[in-house]
Amino acid sequence: MQKTTGTIFAAPMLMMMLLFFLAPLGVLAVFSVLGPDGEVSLANYRTFLADDFAVGVLFDTILLGAKVVATVTLLGLPIALLYWHSGPGLRGLILIATLLPMLTSNVVRTFAWIVILGRNGPISQSLVELGLSSRPISLLFTETGLVMALTQIELPLLVLPLIAVLSQADRRLIDASEVLGAGRWRSFLTVLLPMLTPAIFAGWVLVFASATTSYVTQSVIGGARLIYMPRFVYREVGILFQWPMAAAISFLLLISTGIVMLGLTMLARHRRLAAYA
Amino acid sequence: MKRTNSRSGFLAIAASSLVVLSMAGSVQAENSGSVVAAVFPGSWEDAYRTVVAPIVTEAGFDITISPVLAQDQVGKMMASGGKPPYDALLVSPGQTAMLKAAGLIEEIDPSKLKNWDLLIDSAKTPYGPSVTVEVNGIAYNPETVPKPTGYADLFANPAFEGRVAWIGFGSNTATMAWTEIAKINGGGADNMQPVFDLLAKNLNKIGAIATSGNAQMTMYQQGEIDVFMASTGNVARLRSLGLPADFAHPKTGSPAVPVTIHMAKGASDPDAVYAYMDAAISTTVQAQLAEAPTGYIPTNSQVPFTDIILQFVTPEQLDNAVFPDWETIGIHRAEWTAEFDRVVAK
Amino acid sequence: MRDIQEKISNASYWIFVVGLGGFAVFYMIAPISIAILMSFTDGATLRFPPEGYSLRWYEALLDSARSEPIHTAAMNSLSIAGLTTLGALMVAVPAAFGMARLGQRTATTLEPILLAPLVLPSLVYSLAALLVISNLGSGPSYGYVVAGHIVVFAPLMYRTSLAVAQQVDPSQEEASTTLGASRLRTFLRVTLPALMPGALAGGFLVFMQSMDNVSVTLFLADPKTTVLPLRMFAMIEESLDPRVAAISGLLITATIVLLIIVQRLIPFVRGRRT
C-alpha cells in the first residue's frame, strides 16, 4: 500500500529527471562521438587530448579546484572550531556570517573583489603602506587573486555542513576527553575530526564543483589570460559553433570533475563506515 | 481554529503572490509588431536605446535592444536551429560576408525606407543601410604618454611599456589593428603569424590583455592602462566622461569600417525591422548621434560632420582610410581567435 | 616540563581557532560589507574607500528612464524564480513524500536520479539542453529557462522536503483515516502541514538560487529574456557601473529580510509551539 502511493508520488519528478536532465546529457554524449562524416568516432576527444593547450586548460581547471578546496579547508576548519567553542550568542552570529555570503548573489561577491584586488584597492594600498611593495600592484587577473576571491565565495559551502554537524553534536564527548586529560589538539584530532569527516568530504565535493564551474568569477577576476574549462566550452559554442567538439569538451569537463567528486564521495562513505566500525 | 485559519490564509497569500510574480514576466506573447535588434554593448547600446528606440516605438512597434558584439551575433545566428534570436543585426562587412554565405540575412527593399535616398551612395548596400563609418586608430592619454606615431611605435617605444591594452580577434576593431600590424611585420590578412610572434616576444611588456573593447574603456577610466585600439567614437565617449583622451591616426593608415543593419531571415515582423532601419538613418537620429557623447560619423548626406567628429577626423582623412580585406580575414578569423588565446595564456 | 608543553600546545590551538577562525569569519563577510559601502559612493567609479557618500547611485538605479533595462531584467528574474519555485514545489514535495514511503533499497537506487543535478555541473547540462533544443528546430526562450531552472533546482527542494517527510509518522495518517476523514482531507490536514517547513526552506533556497543563476540562463535565454545576474555581469565587464553596487545593496537587504521572514514563518507554519 505504501509502496504504490510512494511510487505514484515520486514518479513525476523521476520522469522529469530522466527525460529532461539525463536524456539531454545522453544526447550530448552521443554528439561528442560524432565524427566529421557523422560516423561514430572518438576523433573529437582525440583532438582535444592531443592539443597541449586544451589539456592544459583542463588540468589548470582541476588544479584551481584543488587549490580552492585547500584554502577553504584551511580557513573553514578554524571557523567550525570557533563555532564549537562558542556559546549560543556567538554561534548565532557565526551562522549568520556564513549564511549571508551564501545567499548573496555570486555576481555581487565577484564585483566586490574587482575593487579589492585592483591596483588602487585596499590590498594594494596596505601593501604599499606596510612597505612590502614599492609601487601599487594589482592582484586582478592573477591566479592568486582568483583563488582568494573563490575562497571567500565558496567558504560557506564547507562551513555550513560543518556547523550543521556540530550543532547536533554532544558537548559531553569533548568534555569527557578533556576530563581524561587530553590536550586541546588531541581532543580535536581524536574526537571532533572523525565526527566532522563526512561533512568535510561533502563540503569538498560542493566547493570543488562550484569553483571549477564558476564562469562569472573566473572571467571577471581571471581576465583574458587565465582560461579555464567553462570559458573554453562557451567559446567553442559561440565562436566555432561546432556542436560535436563542444559536446566532447564539456563531456570531458563532466567526466573529470565527476571522477574527482566520485572519489571524494566514496572516501566519505568509506570513512563514515570506518568511524562506526 | 484561529491558528489553522490564519495558516491557510498565509498559504493562500504566499501561493497567490508566487503566481502573480510568475505572471508578471511570463506574459511574453510573440506579438507581431516587435523587433529584437542586436546592438554593440556599451555606448552603442545606450545611444540606440535613448535615441533610436523611442522613434521606433512612436511608429507603433515594440523594440528590444539586445547588447551583443558583431562576431557573437554571427555565432548566435549560426548556432540557432530554428527561429533567429535577433530580427535585426548590426555588423561590419566581415560579418556580412559570413551571414550572406550562410543564407541568414535578407536582401532589403529600399522602397520601404523613406530615408533611403538621404543616404550617401556607399551606405546603400543590398542587405541594408550603413548607419556609420567607424574610423579606428589609437586612443591614448595625452597626460601620461606621448602621441603614438603608429602601431609599430607601441611596441618599439619604451614610453609605452606596460601602458597598452590589447584584445583578441573577437573584436572588429582589434582584428583590423592586428591586420595592419601583420602587414607592417611582413604578413597580412592571409598571414597572422608575425603578429603572434610579436605578441609572444612582448608579452611581459604589454599593459594588459583585456576581455573586450568595453573592458578596455573601464581599465582606462580606472587608470590601469593609457593606450588602446579604439574608434573615434570611443575617444569622444571618454572625453564626455571628463577624462583626458586623444585619438592618433596610425601612420600606416586608419582602418575604417562601415557598420550596417541587416534583416535576419525569418524575422518575426519585417515592417518593424524597416521602421528600425528608417529610424537609425533618419536625419534627426544621425544628427544627434553625430554630437557628443557618441560622435558617430553620419551616413545621412543631410547631416554635416560635427565639431566633435572634426576634432578627430576630416572628410579628407576618411577618403584616405584603409579598408580591410574582410573576405580573406573571414576565412582565418576563427583560427586566429583560438591561436590568440594560446599565445597570451599564462 | 610537560605542563609547559601542554600550555604551549593549547595556546597554539587557541591561536588557530580564535586567530585564524576570527580572521576567516572576517574574510567571509568583508567583501559583502565593502560592496554595501561602495554602493553609497558619490564618485563616478567604484573605489574603496569610496569618494564621498551619497545615495546618487540608488537614485540612478530606481530612475526608470535611466535604468529601464535593469528593471526589465529584475522583473524577469523575479518571475522566472517564482515559476521555478512553483514548479519545484509541484514535483519535489510529492517526490520526497513518495520516496520516504518506499523501501530502503528502492530509495537508495532511485535517489541518485533525483539528486543528479547537484553533482553534475549545470554548465554542461545547459549546453546539452541547448543542443537538444536547437536540434529540435527550436531556440532559446523564456520557457526553456524556466524549465531548465526547475530541473536543476528541484533537487534542493527535494532534499529539504525529504528530511521532513521522513519524520512524518504514517500512523498519524492511519489514525486520521480510521477516524473517518477522507484521504484528501487527511492529506490536506495532516500530511501537507507536516511537510510545510521542508517546502518553505526548499522554496527559499530554490528562489534564491534561481535569481542568482548564470550558467543555465546564459545558454537557454533568448535576447528578450534578460536576467539580473547577466545584466550585472555585463555591467561589470563593460563599464564597472556603480549601479551594480546599488543593486547589490538592494539584493543583500532583500535577502536578509526574506531570511528573517522565513525563519519566523517556520514554527508558525509547523502549527505547533516549538
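Computed about the Cα centre, the dipole magnitude for region C:18-99 is approximately 180 debye when only Lys and Arg (+1) and Asp and Glu (-1) carry charge, each at its Cβ. Using every pair of separate Cα atoms, the Kirkwood estimate puts the hydrodynamic radius of chain A at 21.9 angstrom. Could you run the Debye sum over the Cα atoms of region B:147-291, one equal point scatterer each and no solvent, and tell me log10 of I(q)/I(0) at q = 0.09, 0.12, 0.19, 0.21 Å⁻¹, two decimals? The Cα Debye sum returns log10 ratios of -0.37, -0.61, -1.17, -1.34.
Taking amide hydrogens as placed 1.01 Å from N in the peptide plane, the amide H of B:ASP62 sits under 5 Å from those of B:SER34, B:VAL35, each at least 5 positions away in sequence or on another chain.
Comparing B:LEU118, C:VAL93, B:PRO129 along the charge dipole axis of the protein assembly as shown, the residue lying farthest to the positive side is C:VAL93, per the Cβ-charge model.
Along its first, second and third principal axes, ordered by size, chain C spans 79, 71, 38 Å in Cα coordinates. The percentage of C-alpha pairs in region B:226-308 whose separation is greater than 19 Å is 52%. Of the DSSP H helices in chain A, those that are both long (alpha-carbon extent of 18 Å or more along the helix axis) and hydrophobic (Kyte-Doolittle mean at least -1.0) are A:2-17, A:52-85, A:88-103, A:143-168, A:193-213, A:243-276. Taking amide H positions as modeled 1.01 Å from N, with prolines and chain starts lacking one, the residues under 5 Å from B:VAL322 and 5 or more places away or on another chain are B:SER254, B:ALA256. Using all pairs of distinct alpha-carbon atoms, the Kirkwood hydrodynamic radius of chain B works out to 21.7 angstrom. Karplus-derived 3J(HN,Hα) values for region C:116-124, using 6.51 cos²θ - 1.76 cosθ + 1.60 with θ = phi - 60°, are 3, x, 6, 10, 9, x, 5, 4, 5 Hz; glycine and proline are entered as x. Computed from label points 7 Å out along Cα-Cβ, the spacing between C:LEU55 and A:THR7 is 6.1 nm. Protection proxy ranking of C:253-262, C:112-121, B:70-79, by the mean of other Cβ atoms within 10 Å over each peptide's residues and highest first, is B:70-79, C:112-121, C:253-262. The listed peptides A:83-92, B:269-278, ordered by packing as a protection proxy, come out as B:269-278, A:83-92 (highest mean of other Cβ atoms within 10 Å first). Considering only C:ILE15, C:ILE80, C:ILE4, and ranking their Cα positions along the charge dipole of region C:1-91 that arises from unit charges at the beta-carbon of Lys, Arg, Asp and Glu, the one farthest toward the positive end is C:ILE4. Here the average projected area of the convex hull drawn through the C-alpha atoms of the protein assembly as shown stands at 42.1 nm².
Remark: spin-label model distance B:LEU318-C:LEU188 equals 7.3 nm, labels positioned 7 Å along the Cα→Cβ axis.
Normalised by 2.2 N^0.38 Å, where N is the number of residues, the alpha-carbon radius of gyration of region C:1-116 equals 1.93.
Taking 20 °C and 1.002 mPa s as conditions, region A:60-143 diffuses translationally at an estimated 138 µm²/s according to Stokes-Einstein applied to its Kirkwood radius (Cα pairs). Exceedance of the 24 Å cut-off in Cα-Cα distance is limited, within the set B:LYS112/B:LYS265; B:LYS100/B:LYS251; B:LYS76/B:LYS112, to B:LYS100/B:LYS251; B:LYS76/B:LYS112.
The alpha carbon convex hull volume per residue for region C:165-215 rounds to 82 Å³.
For chain A, a Gaussian network of Cα nodes joined below 10 Å ranks A:ASP175, A:ASP60, A:ASP37 by mean-square fluctuation, and the top entry is A:ASP37. Toward the positive end of the charge dipole of the protein assembly as shown, with +1 on the Cβ of Lys and Arg and -1 on the Cβ of Asp and Glu, the farthest Cα among B:ALA59, A:GLY92, B:ALA275 is that of A:GLY92.
Per residue of C:88-101, other chain Cβ atoms within 10 Å of the residue Cβ number 5 on average. About its Cα centre, the protein assembly as shown has a charge dipole of approximately 4320 debye under the convention of +1 per Lys or Arg Cβ and -1 per Asp or Glu Cβ, with nothing else charged.
The residues neighbouring A:GLN125, those whose beta-carbon lies less than 11 Å from its own, together hold a net charge of +1 under the Lys/Arg +1, Asp/Glu -1 convention.
Counting Cβ atoms of other protein chains within 10 Å of each residue's Cβ and taking the mean over peptide C:14-22 gives 6. Using R0 = 41 Å, the C-beta based FRET efficiency linking C:LEU115 and C:LEU179 works out to 0.65. Taking chain C as a Gaussian network of alpha-carbon nodes connected by springs under 10 Å, the highest mean-square fluctuation of the residues C:GLY87, C:GLY203, C:GLY103 belongs to C:GLY103. Kirkwood hydrodynamic radius of region A:93-207, from the reciprocal of the average inverse Cα-Cα distance over all distinct pairs: 16.9 Å. Helical runs assigned H by DSSP (4 residues or longer) give chain C a calculated mean residue ellipticity at 222 nm of -25000 deg cm²/dmol, each run adding -39500 (n - 2.57) before division by the residue total.
Every Cα-Cα pair in region B:27-169 was counted, and those over 24 Å apart are 48% of them. Normalised radius of gyration (Cα atoms, divided by 2.2 N^0.38 Å) for region C:39-192: 1.55.
Near the amide H of B:GLY128, within less than 5 Å, lie the amide hydrogens of B:ILE108, all on another chain or at least 5 residues away, with H placed in the peptide plane. The Cα-based radius of gyration and maximum Cα-Cα distance (Dmax) for region A:7-72 are 18.1, 51 Å. Label positions at B:GLN311 and A:ILE96, each projected 7 Å from the Cα along the C-beta direction, are separated by 5.1 nm. When the P(r) of region C:16-61 is calculated, the portion above 15 Å amounts to 51% of the C-alpha pairs.
Peptide A:200-211 is shielded by partner chain Cβ atoms: per residue, an average of 1 of them sit within 10 Å of its Cβ.
Mean residue ellipticity, 222 nm, helices only, chain B: the sum of -39500 (n - 2.57) across DSSP H runs of n ≥ 4, divided by residue count and rounded to 500, is -12500 deg cm²/dmol. Shape descriptor for region C:168-274: Rg over Rh equals 1.21 (Cα atoms; Rh from the Kirkwood inverse mean 1/r). The alpha carbons of region A:1-148 give a radius of gyration and a Dmax of 24.3, 76 Å, in that order.
Read-outs throughout are calculated quantities, based only on the coordinates presented, and are distinct from any laboratory measurement. Here the structure is a predicted model, which is why all the values come from computation and not from measurement. Positions of Cβ are generated from backbone atoms using ideal geometry, with glycine treated the same way; all protein chains shown enter the neighbour counts.
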